[in-house]
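First the structure, in the form of structure tokens, and then the observations on it.
Computed from the coordinates by the stated procedures, all read-outs in this text should not be read as laboratory data. Keep in mind that what you see is a predicted model, and the values were worked out from it rather than measured. FYI the Cβ positions are ideal-geometry reconstructions off the backbone, even for glycines, and counts take in every protein chain you see.
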Amino acid sequence: MSLNIFIDVDGTLLNSNEQIDPRAKEILRQTVLKLSAEYPDSGLYLWSGAGGAYARKAAEDCGVVSFFSGFAGKPDVIVDDNPSSVFPRRAILWRGDGQWGAFQKNLFVEHSPSNRLKQTTRDIWEWVNQGHSFHFNTAHIDLSPRATRSMRSFKLQPGKFLNMVNADARKWFLVLLRLAKRLRVVRFDEAGIISAARENSLAQHIQQSLPEIWREIEARELEVSLI
């Protein structure tokens, strides 16, 4: 997996005194070595809202120009056949020179999903590709990438809708809850869902009809929020 890292000039590489922290050179050197050894086709780049030439000049003045693979201005317009691929996997808010000490620790965290989450995603798509239509037999409860079929289309078949919600929740929701180790809040839409009485919210339905899922929420002491 590649890992291209872009560092800003003013306020990041250069502090408020327009100086570079004494630790930065060695940390940047170690960062480049780690990228070369562990992340093929990756690079460390310096960019600035003032342009690429400005970024290069700043690196030259600080004696760190050799650590960077390139220099650029920050983009204002992106032309791409897949614009969503341009957004970074994560952004680190730089608050000052004190962060140089944890620079590599913050950079080289695991960006990619775990193998279990990847497999769960593959399972979802395999289930879809086996003939479970986006439009005709999928109930979406915000826990998978599958599309939503309007609840209104089930007005005369509330039982069918609830069966689909139950199947989705049992097959995926519990798995995803357990994969999300840092999960703190579960948010449910408070609008009523299609049911015989049309009184229950999704949270109430899960609590009453899917107790094994609700027990997991309670055992994890997760906050339940209605939106």
What span do the alpha-carbon atoms of the stretch 1-41 cover on each of the three principal axes, reported in whole Å from largest to smallest? 36, 17, 8
Under a point spin-label approximation (7 Å from Cα along Cα-to-Cβ), what is the Gln204-Gln157 distance to one decimal in nm? 2.5
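Among the listed pairs Lys25/Lys105; Lys25/Lys74; Lys34/Lys181, which are separated by more than 21 Å between their Cα atoms? Walk me through the numbers on the way to the answer.
Numbers: Lys25/Lys105 16 Å; Lys25/Lys74 23 Å; Lys34/Lys181 28 Å.
With Cα atoms farther than 21 Å apart: Lys25/Lys74; Lys34/Lys181.
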